[in-house]
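Asks: Shown below is the structure under consideration.
The values are calculated or read from the model by the stated rules, or taken from the named source; none is laboratory data. Quantities reported herein were computed from a predicted structural model and do not represent experimental measurements. So basically every Cβ, Gly included, is an ideal-geometry build from the backbone, and we count neighbours across all protein chains shown. Heads up: the accessible areas ignore ligands, DNA and RNA and are worked out on the full protein's heavy atoms, side chains in. Shrake-Rupley method; radii C 1.70, N 1.55, O 1.52, S 1.80 Å.
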Amino acid sequence: MHPHLFSHRTVDDYDKQVRAAVEAVSSRIQAVRQPRTAAAPEQLQALVDGIDLDRPTGDTFAAIDEAASLYLEHAVWFHHPDYLAHLNCPVALPALAADAIASAVNTSVDTWDQSTSATLMEQKLITWTGARIGFDEQCDGIFTSGGTQSNLQAMLLARDECRRRSGLRSTAGFCILATDQTHFSVAKAAGILGLPDDAVRVVSTDRRGRMRPDALTDLISDLRAAGKSIMAVSATAGTTDRGVIDPLPELAAICTREGIWLHVDAAYGCGLLVSRQRRSWLDGIERADSVTVDYHKSFGQPVACSAVLVRRAETMQHAGWHADYLNPAESRHPNLVDKSLQTTRRFDAFKLWLTLRATGPDLLGDAFDQVIDLATGVAELIDDDPVLELLQEPTLSTVLFRYLPEDGSTGPRLLDAVNTRIREELFASGRVLIAKTRINGSSWLKLTLLNPETGIDGIASALELIKWTGRRLIGSGEFVDCSSDGADGTGIEAA
Ligand SMILES: Cc1ncc(COP(=O)(O)O)c(C=O)c1O
C-alpha cells in the first residue's frame, strides 16, 4: 500500500488533508488586511532558499504549515478590494469546489476513453458559449490554458485556412493586421507559427485606441498591391490597457467583403456575453471566424479557464492530429485532443460548469456590469481632481491616469519617473496594488477593476494614497535630474 496515494483506501486521510488545506486558506484569508505583505524580494528568496527539497517534513500537515508561511502569507490576493492591478478576478466558490473535485478525479479531457461524460460537458459549454456569441450550431471550440494559447490556436487556424484558400505552402508573404493595442500574444503567435518577422502590420487607431476601419481598408489594399497574403485581422473586444472594443460590425463587414479571417480577442470583454445591460457592445462578434474567451478574467473563474471558439467547426481540423495509440481517425467517439494543442488536459471546464449550475450566468454578468459602472465613477473622481489626469473615459473597467505634481511641473520625463516610482512604492508597501503602462510614449498608472466588492470609497482612499506618495516622492528631491526635459517647452523644476 502507498499511503500517500488517493484511493478508496485513503479516504480518511484525503478528508483530513484536504480539510487542513482548506483551513489553512480560510484562516489566512481572514487575516489578510492588504493585497500583499511588504516582504522584500530578498526576504522571500531567503525563505525559499531555506527549504531543502530532499528533506521532507514527513506529513502533509507540516508541509501545509510550512507552505502557509512561505506562500499563503506572501501571496498576492486578488479578492482584496485594494488589488487594482491586472486582469485577475476574485473567484466563484462553486469553481473552487469544482477544482477540488477535478484534481481528485484527475480526468484528462483528451480522449473519450479518459473522460467520457466530462468530454460531453466541456463540449456543451462550448456550444453554450458559442450561442452567447451568436454562432449557430456549426460552431466549435476547445478549452485552453489562457488567452495566449487561445490566440495562438486562432492564428494557427487562420494561417492554415489562408494556405488552403490561396494554395500557398510558404508563409513568406503572410500578414496579420492588428493595432498597437493588440495583446502581445498575437505577435508571439506569429513568431511561433514561423511567420516572417514583419508579419504583424499595425493598423492605425482612433483617439481612444480602437482600430480604424478606413485605415484597415487602406492597409489591405496596400499590402495586396505589394503581393502580400492577409492571413487574419486580429480585433480586440476589451484591450488590455485601454479597455476599448474595436468596431466589430465595421471590421466584420470589411473582412467578409475581402475574404479575410476575422479573429476577435475577447479575453477581457467576454464578460459582456453574460451582461444583461451591455451585451450589445459585442454586436458583430458573431461574424468572427474565431473568438478568444477568458473565463478566468471576466467570469470569476480560477486560472486556468479559457477557450477558443470558431464559427465553422471544419476550420478546427487544422489543429488535428491522429495518433494510433490515442485518437485514431476511425475512432467512433469524440476525442477532444483532435482539436487541442495540448494532449493531457485538465478538466478546467468543470469550474465553469459548476458555477453556471450553482449560480447561473446572470450573477456573473451583473458583476461585470458593476465593475464597468465603478470604472465610470472612478474616472469622474479622477477628472475632478486637479492633481490627477485622466487619459480617457473608460469603456470597460480599466482606468488610465497619472499623478501631476502640485507644483505644476509637467515635463514628460518627470511625469514618467514619478508615476513609475509611485507604483513601485505602492507595490513595496503592499497596501494598494496598481499597474503601469505606456500609451503614446508616456507612462500612465492603470487600475483594472474586476472585483465587484471594490467600492468607490475604497478607490477614493487609494487615490489619496497615490497622491500622498507622489507628493512625498517629489518632496524627497529624487527627481531633480529630470528637471529640465521640457518637451512641452516649459522646463521642469522638480522638488
Ligand atoms: C486582450 C488579452 N488577450 C490575451 C491575453 C492573454 O491571456 P492569458 O494571460 O490568459 O494568456 C490578455 C491578458 O491580459 C489580454 O488582456
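Asks: With a point put 7 Å past each Cα toward its Cβ, work out how far Ser26 is from Asp214 in nm, to one decimal.
Replies: 6.2
Asks: Right, something else. Within the chain, which is the longest segment containing none of the GluC sites (Glu not before Pro) that sit in a DSSP loop and have at most 10 other Cβ atoms within 10 Å? Each step should come with its number before you reach the end.
Replies: Details: sites that count: Glu137, Glu330.
Longest site-free region, per DSSP loop and neighbour criteria: 138-329.
Asks: Nearest 500 deg cm²/dmol is fine: what mean residue ellipticity at 222 nm does the chain get from its DSSP H runs of n ≥ 4 alone, each adding -39,500 (n - 2.57), divided by its residue count? Display every interim value, and only then the final one.
Replies: Details: 15 runs with 201 residues, N = 495.
Value at 222 nm, helices only, nearest 500: -13000 deg cm²/dmol.
Asks: For the stretch 200-222 and the stretch 319-357, what is the separation of their Cα centres, given in Å?
Replies: Going from one Cα centre to the other spans 37 Å.
Asks: Using the Karplus curve 6.51 cos²θ - 1.76 cosθ + 1.60 with θ = phi - 60°, what ³J(HN,Hα) values do you get for each residue of the stretch 411-419, in whole Hz, with x for Gly and Pro?
Replies: After applying 6.51 cos²θ - 1.76 cosθ + 1.60, I find x, x, 5, 5, 4, 4, 5, 5, 5 Hz.
Asks: Related question: Leaving out ligands, DNA and RNA, and with a 1.4 Å probe, what % of the accessible surface on the stretch 107-357 is carbon or sulfur? Show your work: numbers first, answer last.
Replies: On the way: 4990 of 9900 Å².
About 50 percent, which is the carbon plus sulfur part of the accessible surface.
Asks: How big is the Kirkwood radius of the stretch 214-344, worked out from every pair of different alpha carbons and given in Å to one decimal? It would help to have the intermediate numbers written out before the result.
Replies: Values: mean 1/r = 0.0598 Å⁻¹.
Result for the stretch 214-344 stands at 16.7 Å.
Asks: Can you sort Thr111, Thr344, Thr359 by 1.4 Å-probe accessible area, starting with the largest? Working shown, then result.
Replies: Values: Thr111 0, Thr344 105, Thr359 60 Å².
Putting Thr111, Thr344, Thr359 in descending order of accessible area: Thr344, Thr359, Thr111.
Asks: What spacing in nm lies between the two simple spin-label points modelled at Val76 and Asp222, each 7 Å away from Cα in the Cβ direction?
Replies: 3.7
Asks: Arranged from highest to lowest average of other beta-carbon atoms within 10 Å per residue, in what order do the peptides 51-64, 6-19 appear?
Replies: On the way: 51-64: 10.7, 6-19: 12.3.
Going by the mean number of other Cβ atoms within 10 Å, highest first, we get 6-19, 51-64.
Asks: Would you please give the FRET efficiency between Arg312 and Glu66, computed as 1/(1 + (r/R0)^6) with r the Cβ-Cβ distance and R0 = 60 Å, to the nearest 0.05?
Replies: Working: r = 52 Å, r/R0 = 0.86.
So the FRET efficiency works out to roughly 0.70.
Asks: Long-range amide H contacts for Gly141: which residues qualify at under 5 Å (H placed 1.01 Å from N, peptide plane, sequence gap of 5 or more or a different chain)?
Replies: Val310
Asks: How big is Rg to Rh over the stretch 13-77, alpha-carbon atoms, Rh as the Kirkwood inverse-mean-distance radius?
Replies: Values: Rg = 13.0 Å, Rh = 12.9 Å.
Checking Rg against Rh, the ratio lands at 1.00.
Asks: Student exercise: in the chain, how many lysine pairs 8 or more apart or on different chains have Cα atoms under 21 Å apart?
Replies: So the count works out to 13.
Asks: Something else now. From the phi of every residue in the stretch 142-149, what ³J(HN,Hα) in whole Hz does the Karplus formula 6.51 cos²θ - 1.76 cosθ + 1.60 yield, where θ is phi - 60° and glycine or proline is x?
Replies: Karplus values, whole Hz, x for Gly and Pro: 7, 6, 9, 7, x, x, 4, 5.
Asks: Asp59 to Ser280: FRET efficiency via 1/(1 + (r/R0)^6), r the Cβ-Cβ distance, R0 51 Å, to the nearest 0.05? Working shown, then result.
Replies: Numbers: r = 56 Å, r/R0 = 1.09.
Here the calculated transfer efficiency is 0.35.
Asks: Report the full-extension gain for the segment Asp49 to Asp384: residue separation times 0.36 nm, less the Cα-Cα distance, to one decimal in nm. Display every interim value, and only then the final one.
Replies: Numbers: separation 335, 0.36 × 335 = 120.60 nm, distance 4.82 nm.
Stretched out fully, the Asp49 to Asp384 stretch lengthens by 115.8 nm.
Asks: If you line up the Cα atoms of the chain on their principal axes, what length do they span on each, largest first, in Å?
Replies: Sorted from largest, the Cα extents of the chain read 75, 69, 44 Å.
Asks: Calculate the length of the line joining the C-alpha centroid of the stretch 286-307 to that of the stretch 104-176, in whole Å.
Replies: Taking the Cα centre of each part, the stretch 286-307 and the stretch 104-176 sit 12 Å apart.
Asks: With all protein chains present and a 1.4 Å probe, how do Lys124, Lys446 order by accessible area, largest first? Could the numbers behind the result be given before it?
Replies: On the way: Lys124 130, Lys446 15 Å².
So the residues, ranked largest to smallest area, are Lys124, Lys446.
Asks: May I pose another question? Suppose each label sits 7 Å from its Cα in the direction of the beta carbon; what would the Arg472-Ile456 distance come out to in nanometres?
Replies: Here the answer is 2.8 nm between the modelled labels.
Asks: At 0.36 nm per residue, minus the direct Cα-Cα distance, what do Gln138 and Tyr325 gain on full extension? Give it in nm, one decimal, please.
Replies: Numbers: separation 187, 0.36 × 187 = 67.32 nm, distance 2.89 nm.
Residue separation times 0.36 nm, minus the Cα-Cα distance, leaves 64.4 nm.
Asks: Output the peptides 364-371, 144-151 sorted from most to least packed, where packing is the average of other Cβ atoms within 10 Å over each peptide's residues. Walk me through the numbers on the way to the answer.
Replies: On the way: 364-371: 20.8, 144-151: 23.2.
Top of the packing list down: 144-151, 364-371.
Asks: When the C-alpha atoms of the stretch 363-482 are aligned to their principal axes, what extent does each axis show, in angstrom, from largest down?
Replies: 51, 29, 22
Asks: Starting from the residue with the highest accessible area, list Tyr295, Tyr325 in decreasing order, probe 1.4 Å. Please report the intermediate quantities before stating the final value.
Replies: Details: Tyr295 0, Tyr325 175 Å².
If we order Tyr295, Tyr325 from most to least accessible, we get Tyr325, Tyr295.
Asks: Hey, with R₀ at 41 Å, roughly what FRET efficiency would Thr10 and Ala38 work out to, going by the Cβ-Cβ distance, to 0.05?
Replies: On the way: r = 40 Å, r/R0 = 0.98.
Step by step, r from the Cβ atoms, then E = 0.55.
Asks: Right, another one. So how much slack lies between Asp113 and Glu258, counting 0.36 nm per residue of separation and subtracting their Cα-Cα distance, in nm? Working shown, then result.
Replies: On the way: separation 145, 0.36 × 145 = 52.20 nm, distance 4.26 nm.
In short, 47.9 nm is gained.
Asks: If you don't mind, another one. Report the Rg/Rh value for the stretch 1-146, based on alpha-carbon coordinates and the Kirkwood definition of Rh. Intermediate values should be presented prior to the final figure.
Replies: Values: Rg = 19.9 Å, Rh = 19.1 Å.
That ratio is 1.04, to two decimals.
Asks: Rounded to the nearest whole Å², what accessible area per residue is found for the chain with the 1.4 Å probe?
Replies: Details: 22670 Å² over 495 residues.
Heavy-atom SASA per residue in the chain reads 46 Å².
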